[in-house]
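Notes for the one structure printed next.
The values are calculated or read from the model by the stated rules, or taken from the named source; none is laboratory data. The model shown is predicted, which means the values in this text are computed figures rather than measured ones. Using ideal geometry, Cβ is built from the backbone for each residue, glycine included, and neighbour counts are taken over all protein chains shown.
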């Protein structure tokens, strides 16, 4: 039997077997990649882009191998892979991190595929193994060349654009290493004295393509008017779907979140806002951004659609724990047990119990807040306590439950999934 015959029969059979488990392999590869390549572990949206890239690459690789794996010129990188590469370039993530992710994916693919060769009849395992390694490596090399080229082009474009230049000046200001403040103000078109509030803004999923810049610009203008902010806002993109924005306030105030919510209310699309606390001077400029970034990390990690506007005051305690998500997951699992599940029933019971504890154990107040019958609240609270196997009358256990519920509420599937 000739090697081409072995290749023609063996490699396509392996591809079909791998296709059946693609969904599970995708999930495992996402987890392994984020664990191994720290530079790629960002927020929920970036993880979604990574997942789409891995899934489409697996599908394309399987299709390539199923056709025999020998016509490499026909291979083109999937659109999701190119989108992910462009977004990483905009966020200044090193290309080496992306290429390493492809190498990890190739190695894991072979780890899963090689044992399947033993299940095939009428083939030479060594020849099929060699053919599989050659063809899969050829696919990876071809796609890495293409995503690498797209990354480099986008990086050059982004840095040379006005957004890219602003990012460079902003990085210099935030770094604080001997920056000429007046030159920075000139290039940023923003005055660095006064009281600053920083925000991270991103549109809802219904906003796509060329509409994103317009929608974010309109949101910033509406917020600027509602806050009666001085000068022009400073808006610097993180990538094509997320921006940081600063507003100079005429005075300190504590109703900023409510004003931002009012500003966004009249829009015909959803824009989410994560707010830092207002603070004076260049230190306030930096500090408010750091807080805003922590809030955005929490909101984007959760995958939840509410609330639309979140301030640092809302999540300050959670932000400290969210810096170590594995530890937060362990705490949630230990304290809530089966109540920490991602299923709708667990989520419903957690929401009622959280409201009940926030209302100081009042069934009547909880029923009013959740617009349900008092008996329903009582039943749900009892069920939640039983599922969590906790004693709410024990002050220590009750305190831990409050912390765990807040983590679930704000971080969502980042700690319950």
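Any residue at all in the stretch 259-267 that is part of a helix (DSSP H, G or I), surrounded by fewer than 21 Cβ atoms within 10 Å (Cβ to Cβ) and without any contact (Cβ under 8 Å) to a residue 12 or more places away in the chain? So far as the stretch 259-267 goes, yes, one or more of its residues are part of a helix (DSSP H, G or I), surrounded by fewer than 21 Cβ atoms within 10 Å (Cβ to Cβ) and without any contact (Cβ under 8 Å) to a residue 12 or more places away in the chain.
State yes or no: is residue 90 at pLDDT below 95 and touching a strand residue (DSSP E or B) at 6+ places or on another chain (Cβ under 8 Å)? Answer is yes for this residue.
Within the stretch 17-32, the residues that satisfy the criterion of being in contact (Cβ under 8 Å) with a residue 24 or more places away in the chain and over 15 Å from residue 57 (Cα atoms) are 17, 32.
Scanning the stretch 273-304 for residues that are part of a loop (DSSP other than H, G, I, E, B) and touching a strand residue (DSSP E or B) at 6+ places or on another chain (Cβ under 7 Å) turns up 276, 278. If the condition is being assigned to a helix (DSSP H, G or I) and exposed (fewer than 12 other Cβ atoms within 10 Å of the Cβ), then the stretch 328-344 contributes 334, 344.
The listed residues are 196, 238, 187, and the only one of them that is in the same structural domain as residue 303 (by TED's automatic domain parsing) and closer than 23 Å to residue 313 by Cα turns out to be 196. Condition test on residue 89, is it touching a helix residue (DSSP H, G or I) at 6+ places or on another chain (Cβ under 8 Å), assigned by TED's automatic domain parsing to the domain that holds residue 21 and within 27 Å of residue 286 (Cα to Cα)? Considered against the rule, which asks whether it is touching a helix residue (DSSP H, G or I) at 6+ places or on another chain (Cβ under 8 Å), assigned by TED's automatic domain parsing to the domain that holds residue 21 and within 27 Å of residue 286 (Cα to Cα), residue 89 comes out as yes.
If the condition is being surrounded by fewer than 16 Cβ atoms within 10 Å (Cβ to Cβ) and part of a helix (DSSP H, G or I), then the stretch 379-396 contributes 379, 382, 386, 395, 396. Determine whether residue 305 is assigned by TED's automatic domain parsing to the domain that holds residue 194 and free of Cβ contacts under 8 Å to residues at least 40 places away in the same chain. Spelling it out, it is not the case that residue 305 is assigned by TED's automatic domain parsing to the domain that holds residue 194 and free of Cβ contacts under 8 Å to residues at least 40 places away in the same chain. If you filter the stretch 375-396 down to residues that are farther than 21 Å from residue 365 by Cβ and free of Cβ contacts under 8 Å to residues at least 24 places away in the same chain, you find that the one that is farthest from the chain's Cα centre (by Cα) is 394.
Do we find that residue 234 is more than 26 Å from residue 44 (Cβ to Cβ) and either touching a strand residue (DSSP E or B) at 6+ places or on another chain (Cβ under 6 Å) or touching a residue at least 60 places away in the same chain (Cβ under 8 Å) (or both) in this structure?
no
Put simply, of 100, 108, 127 the only residue that is outside any loop (DSSP other than H, G, I, E, B), touching a residue at least 40 places away in the same chain (Cβ under 8 Å) and either farther than 17 Å from residue 37 by Cα or in contact with a strand residue (DSSP E or B) (Cβ under 6 Å, 6 or more places away or on another chain) (or both) is 127. Among the residues of the stretch 288-322, write down those that are surrounded by fewer than 20 Cβ atoms within 10 Å (Cβ to Cβ) and either modelled with pLDDT of 95 or more or over 12 Å from residue 407 (Cβ atoms) (or both). If the condition is that a residue be surrounded by fewer than 20 Cβ atoms within 10 Å (Cβ to Cβ) and either modelled with pLDDT of 95 or more or over 12 Å from residue 407 (Cβ atoms) (or both), then 290, 293, 303, 304, 305, 306, 307, 308, 313, 314, 316 are the ones that fit.
The single condition from (1) outside any helix (DSSP H, G or I); (2) over 29 Å from the mean Cα position of the chain (by Cα) that residue 92 fails is (2). Residues that are part of a helix (DSSP H, G or I), buried (at least 19 other Cβ atoms within 10 Å of the Cβ), in contact with a helix residue (DSSP H, G or I) (Cβ under 9 Å, 6 or more places away or on another chain) and modelled with pLDDT of 90 or more are absent from the stretch 186-208 altogether. Being within 23 Å of the chain's Cα centre (by Cα) and assigned to a loop (DSSP other than H, G, I, E, B) holds for only one residue in 77, 52, and it is 77.
The number of residues in the stretch 55-73 that are over 15 Å from residue 140 (Cβ atoms) and part of a helix (DSSP H, G or I) comes to 3.
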